[in-house]
Structure formats: structure tokens, C-alpha cells
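This report refers to the structure that appears directly beneath it.
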Amino acid sequence: MKHLIQKNLHQHCFTLSSLGLILFTAACSPKVQPTATINAEHLAQGKAIFTNSCSKCHDLPNPGDHTAQEWVGIMNWMAPKAKLTDAQHQMVYDYIVSTKEN
């Protein structure tokens with residue numbers, strides 16, 4: 001019985017470790033790209049998507065609470081939950097980063 005419990009514990013630890021590695025890799029690999037030209041309309045669309053999509057599940061975070069690189073990981077994690085397209089993902093990221101520069 002003790003051997004069986006230890007075996008199950010090792011399997012769960014391996015599974016959790018593997019999941020953590022996958023999430024870390026996904027969060028660290030950027031999906032957003034620097035946008036060559038960002039205009040006011042692009043940023044307004046990003047703000048609208050950020051406000052409407054993100055607030056459905058939680059309070060809106062303060063963009064200044066994280067670095068641009070941290071936002072890449074956060075966006076890569078949250079965009080699929082919000083069912084954002086790649087274009088929407090990019091607009092929201094550009095909006096968030098733009099607020100940090102002001």
C-alpha cells in the first residue's frame with residue numbers, strides 16, 4: 001500500500017511539474033509583436049476590447065502594475081480565456097503598453 005501511494009505521489013508530482021513547465025513556456029513565448037505604426041484608433045480599439053472582454057471575469061488590472069514583458073506572459077495566458085483573436089490580442093497588448101509610456 002505504501003509503495004502504491006508513493007508511486008501515485010510521484011506520478012502527480014511529475015504531472016504537475018510538466019504542466020508548470022508547459023505553462024511557463026507558453027507564458028514566456030511572445031505572441032505579440034511590436035506594431036510598426038500604432039494610431040489612436042488602434043489604441044481605442046485595444047482599450048475597448050480590454051475594458052469589455054477582461055471585465056467580464058474580473059476587475060481591470062492597472063497596466064502600470066507590470067512590465068511590458070510581464071504583460072506578454074499575462075496576455076498569452078488570458079487571451080485564450082477571453083477568446084481574443086490574434087489581432088485583438090495585439091490591440092490589447094499595444095493599448096496596455098501605451099498607457100505605461102505616458
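Look at D59 and say whether it is under 21 Å from A40 (Cα atoms), surrounded by fewer than 16 Cβ atoms within 10 Å (Cβ to Cβ) and out of contact with any helix residue (DSSP H, G or I) (no Cβ under 7 Å at 6 or more places or on another chain). So that I can check it myself, show each step before the final result.
Values: under 21 Å from A40 (Cα atoms): no; surrounded by fewer than 16 Cβ atoms within 10 Å (Cβ to Cβ): yes; out of contact with any helix residue (DSSP H, G or I) (no Cβ under 7 Å at 6 or more places or on another chain): yes.
Taking the combined requirement at face value, the residue does not satisfy it.
Beta carbons closer than 9 Å, at least 6 apart along the sequence or on distinct chains, pair a first residue in the range 76-102 that is hydroxyl-bearing (S, T, Y) with a second that is at pLDDT 90 or above and outside any helix (DSSP H, G or I) for T85/A79; Y93/A79. Given the structure, is K83 at positive phi and more than 10 Å from the chain's Cα centre (by Cα)? So K83 passes the test. Taken over the range 59-80, the residue count meeting the criterion of being within 16 Å of I49 (Cα to Cα) and assigned to a loop (DSSP other than H, G, I, E, B) is 6.
The values are calculated or read from the model by the stated rules, or taken from the named source; none is laboratory data. Note that the structure is a prediction, hence the values are computed from the model and not measured. So basically every Cβ, Gly included, is an ideal-geometry build from the backbone, and we count neighbours across all protein chains shown.
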